[in-house]
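Below is one structure, written out as structure tokens; the observations come after it.
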Amino acid sequence: MDKKKLLWVDDEIDLLRSHIIFLSEKGYEVDTAMNGSDAIAAVKEKSYDLIFLDEMMAGMGGLETLAQIKDINQNIPVVMITKSEEETLMNDAIGGRISDYLTKPVNPSQVLLVCKKILEGKKISGQYAAKDYLQDFNEISRALSTNPDFAEWIDLYLKLVNWEIELDTHPEIGLHQTLNDQKKEANKEFSKFVEKNYRGWINSLGDAYTPTLTTEITEKYVLKHLKNEGTSVFYFVLDCLRMDQWMVLEKHLRDLFKIEKEYYYGILPTSTPYARNALFSGLFPSEIEKYYPDLWSGKDDDENSMNKYEKELLQLLLDRKRIKLRNDLKYIKIIDPEVGRNFEQNILSYKNNHFTAIVVNFLDMIAHGRSDSDILKEIAPDEPAYRSLTNSWFMHSSLLGTLKSIAKMDKVKIVITTDHGSIRSLRGAKVLGDREASTNLRFKYGRNLKVDDKHAVYIKNAQDYKLPKRGVTINYIIAKEDYYFVYPTDYHKYLSHYKDTFQHGGISLEEMILPVITMEPK
């Protein structure tokens, strides 16, 4: 391996011979210069990995030398060496003109630490990340074999997601495939766990052995804030938000808000018409159909027809809980950038509104759009790139602008959650059924549906899962793990077409374990 090349610029360089010998013994190649002019000439002639630059030198000073070095090559890391810890120099370091600074007198260990941090920091942190993950890999594998309960599953999933985010910064250590394989095994066990326990959960809400479910979220996390005198509550539902995506978004909000996070389990199927209606109404789909039949209509694969009464369902929940608002409930659905920008520009007009509910559809549009767009597939070919795409959207979104504006308001609470996540579907499951069956890829209902029970949960009686009963002969199937449904007709064509698309509606950690976040401005 080539030695890293350093340039040390100081008008008293002879006094630093012991440091230079020390660095040479540690494997660095060190050149020296006694003034700014010689340093600039050296940088023009040779490529350096790191420069140590004295701030106070006769003739051309350190800051002037720095400016000319950056003109030649702005990417060379420069460590300024100074006699005083002036705040402006610290600000320069933080601002990025210099990579770090040291205060005279410097000692060898300080110098070596800076070299390692700047030149080998990523490599060293990658080595430690690999070591730590492989240790956690064994712990996660052991935990998967001990029949985790619902809370332990949340902890396991959080651990896997944290490692996904960590390994995104260290692609060079090549552990993503190992992590993907472990997550695949986790989803296999999680699907068995949900299939075994779900019917018990939906019939014993509030029990110590039952996770918080979709139907409880609005009452448990949102309505309580409406009782605080003078508080304005903003309730954001980010359609199709996964845990890893939230972690990407959160880093942009930490400086603005105090953030509290909890987690819940999404209802089945993890599809917008079922999950979001349940979220706003506080009722399971079969209960909505029973009590408010006029508000449960349309086709399951048509979100616009199935979710057009969200505001009404939310108002009915408020009425049932006897919550009187200071003014009318405001409901906004952001389905395109123009609506989002208008909401951002007019956010101050909502400052005194008691309760504002906002649905943001963009992440769902990315997930579905990627299925049909070669450009999006090229931009986001895998999970790390998908997270990167989420980050890029949020950084430049009207949503972030809106949240920044709310952060300047007094007496506000923000609750952010989602109705379901999504999973990268990689394996096809052959399904038989009549032509009238619904078209969804991760769940279906219809007559005489048949599928291998290794790939899906078969629901003969819809009421067992608190789903709408659509007829005596109608049954449901819900995909497990990363399977998606394909009919035998043109099987290979559609198997290929839908492979490696982000879908929702089924049973997986990504679709079912969801964040609910409460924030208030700092």
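Could you pull out the pairs from Lys308/Lys404; Lys192/Lys404; Lys123/Lys522; Lys83/Lys117; Lys184/Lys377; Lys192/Lys499 whose alpha carbons sit more than 31 Å apart here?
Listed pairs above 31 Å: Lys192/Lys404; Lys123/Lys522.
What percent do you get for the relative contact order of the range 5-106 when only Cα pairs under 8 Å and 6+ apart count?
It comes to 25 percent, rounded to a whole number.
Can you pull the Kirkwood radius for the range 216-304, inverse mean 1/r over Cα pairs, to one decimal in Å?
Here the Kirkwood hydrodynamic radius works out to 15.4 Å.
For every helix of n ≥ 4 consecutive DSSP H residues, a contribution of -39,500 (n - 2.57) applies; sum these over the chain, divide by its total residues, and give [θ] at 222 nm rounded to the nearest 500 deg cm²/dmol.
Helix-only estimate at 222 nm: -13000 deg cm²/dmol.
May I ask for the angle, rounded to the nearest 10°, between helix 362-372 and the longest principal axis of the chain, with both axes built from Cα atoms and the value confined to 0 to 90°?
The angle comes out near 90 degrees.
Tabulate in residue order the Karplus-calculated ³J(HN,Hα) for the range 99-113, using 6.51 cos²θ - 1.76 cosθ + 1.60 with θ = phi - 60°, rounded to whole Hz; enter x for Gly and Pro.
Once θ is set to phi - 60°, the couplings for the range 99-113 become 7, 5, 9, 10, 9, 5, x, 8, 10, x, 5, 4, 5, 5, 4 Hz.
Explain nothing, just the number: relative contact order of the range 37-88, from Cα pairs under 8 Å at least 6 residues apart, as a whole percent.
This gives 44 percent for the range 37-88.
Estimate the FRET efficiency between Ser371 and Ser145 by the formula 1/(1 + (r/R0)^6), using the beta-carbon distance for r and 56 Å for R0, to the nearest 0.05.
For R0 = 56 Å, the calculated efficiency reads 0.95.
For Val451, Val237, which order do you get if you count the other beta carbons within 10 Å of each Cβ and list the fewest first?
Listing Val451, Val237 from fewest to most nearby Cβ atoms yields Val451, Val237.
Mind listing the phi-derived Karplus ³J(HN,Hα) values for the range 187-198, rounded to whole Hz, using 6.51, -1.76 and 1.60 with θ = phi - 60°, and x for any glycine or proline?
5, 5, 6, 5, 4, 5, 4, 5, 4, 6, 10, 4
Ala357's amide H: which non-local residues (gap 5+, or another chain) put their own amide H closer than 5 Å, with H modeled 1.01 Å from N in plane and none for Pro or chain starts?
Tyr235, Lys330, Tyr331, Ile332
So which GluC sites (Glu not before Pro) in the range 377-484 pass both tests, a DSSP loop state and at most 12 other Cβ atoms within 10 Å of the Cβ?
Taking the range 377-484 and a limit of 12 other Cβ atoms within 10 Å, the loop GluC sites (Glu not before Pro) found are Glu436.
Could you please state, rounded to a whole Å, how far the C-alpha centre of the range 311-332 is from the C-alpha centre of the range 239-291?
18
May I ask you to evaluate 6.51 cos²θ - 1.76 cosθ + 1.60, the Karplus curve with θ = phi - 60°, for each residue of the range 114-131 and list the ³J(HN,Hα) values in order in whole Hz, giving x for glycine and proline?
Along the range 114-131, the couplings run 5, 4, 5, 4, 7, 8, 10, x, 5, 5, 5, 5, x, 4, 5, 4, 4, 4 Hz.
Test of understanding: express the Cα radius of gyration of the range 140-288 as a ratio to 2.2 N^0.38 Å, with N the residue count.
That ratio works out to 1.19.
Which whole number in µm²/s is D for the chain by Stokes-Einstein, with the Kirkwood Rh taken over Cα pairs at 20 °C and 1.002 mPa s?
Stokes-Einstein gives a translational diffusion coefficient of 81 µm²/s.
Give the order of Ile513, Ile72, Ile332 when sorted by the count of other beta carbons within 10 angstrom, beginning with the fewest.
Ile72, Ile332, Ile513
Rounded to the nearest Å, what's the spacing between the alpha carbon centres of the range 207-226 and the range 491-522? Just the number, please.
22
To make sure I understand, if each residue's beta carbon is the centre and we count other beta carbons within 10 Å, what order do Arg17, Arg447, Arg387 fall in, fewest to most?
Arg17, Arg447, Arg387
Just want to confirm a number: the relative contact order over the chain, from Cα pairs under 8 angstrom separated by 6+ residues, in percent.
Value for the chain: 16 percent.
Just so you know, all these numbers are worked out from the coordinates, no wet-lab data involved. A quick note: this is a predicted structure, and the numbers were derived from the prediction, not measured. We place every Cβ from the backbone using ideal geometry, glycine too, and count neighbours over all the protein chains shown.
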